[in-house]
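The values are calculated or read from the model by the stated rules, or taken from the named source; none is laboratory data. Bear in mind the structure is a predicted one, so any value in this text is a computation, not a measurement. A quick note on method: Cβ atoms are made from the backbone with ideal geometry, for glycine too, and the neighbour counts reach across all protein chains shown. For accessibility, only protein heavy atoms count, side chains too; no ligands or nucleic acids. Shrake-Rupley method; radii C 1.70, N 1.55, O 1.52, S 1.80 Å.
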Amino acid sequence: MRCEALADRLAGAVDDPRVLEPDQARHVAECLRCQADLAQYRRLRRVMAAMRTERLSVPAELAVEALGRLDEALGRRSRHRRTGRRAACLGGLAAVTAAGVGGVVVLASRRRPA
């Protein structure tokens, strides 16, 4: 069994070990690389669970700036489509990053105490 074949299932195995088939579970039990990846997913889950209770104070202008940068990144992406696949990939990465930041800002601003 190859570790790459399990990569998509390891994150789900944190919540429910039954998502792994018996041969996959045996592989994880013997493979240090897969065990390390599983430990990283568990650590990430603990950190994210701890963040649920944190109250963030996010300035409103930060959301506006993040959305503006997202628009810029999307504009760059469309201009670079003709210059090759690498440029398009970089533009897409910038857009995804900006979207993630924007989403975090929006979600954090909505979770303020009443």
Hey, can you tell me all the residues within region 50-81 that are among the aliphatic types (A, V, I, L, M) and either open to solvent by 50 Å² or more (accessible area, probe 1.4 Å) or more than 20 Å from the chain's Cα centre (by Cα) (or both)?
50, 51, 56, 58, 60, 62, 64, 67, 74
Only one of these conditions is not met by residue 58: (1) assigned to a helix (DSSP H, G or I); (2) within 23 Å of residue 101 (Cβ to Cβ); (3) β-branched (Val, Ile, Thr). Which number is it?
(1)
Filter region 50-79 down to residues that are at pLDDT 80 or above and in contact with a helix residue (DSSP H, G or I) (Cβ under 6 Å, 6 or more places away or on another chain), then give me how many there are.
7
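Quick grid of which residues meet (1) assigned to a helix (DSSP H, G or I); (2) modelled with pLDDT under 90; (3) open to solvent by 90 Å² or more (accessible area, probe 1.4 Å); (4) touching a strand residue (DSSP E or B) at 6+ places or on another chain (Cβ under 9 Å):
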residue: 1; (1), (2), (3), (4): no, yes, yes, no
residue: 6; (1), (2), (3), (4): yes, yes, no, no
residue: 10; (1), (2), (3), (4): yes, yes, no, no
residue: 14; (1), (2), (3), (4): yes, yes, no, no
residue: 18; (1), (2), (3), (4): yes, yes, yes, no
residue: 39; (1), (2), (3), (4): yes, no, no, no
residue: 48; (1), (2), (3), (4): yes, yes, yes, no
List every residue pair whose Cβ atoms sit under 7 Å apart, with the two residues 6 or more apart in sequence or on different chains, where the first one lies in region 1-15 and is within 15 Å of residue 44 (Cα to Cα) and the second, anywhere, is open to solvent by 90 Å² or more (accessible area, probe 1.4 Å).
14/42; 14/45
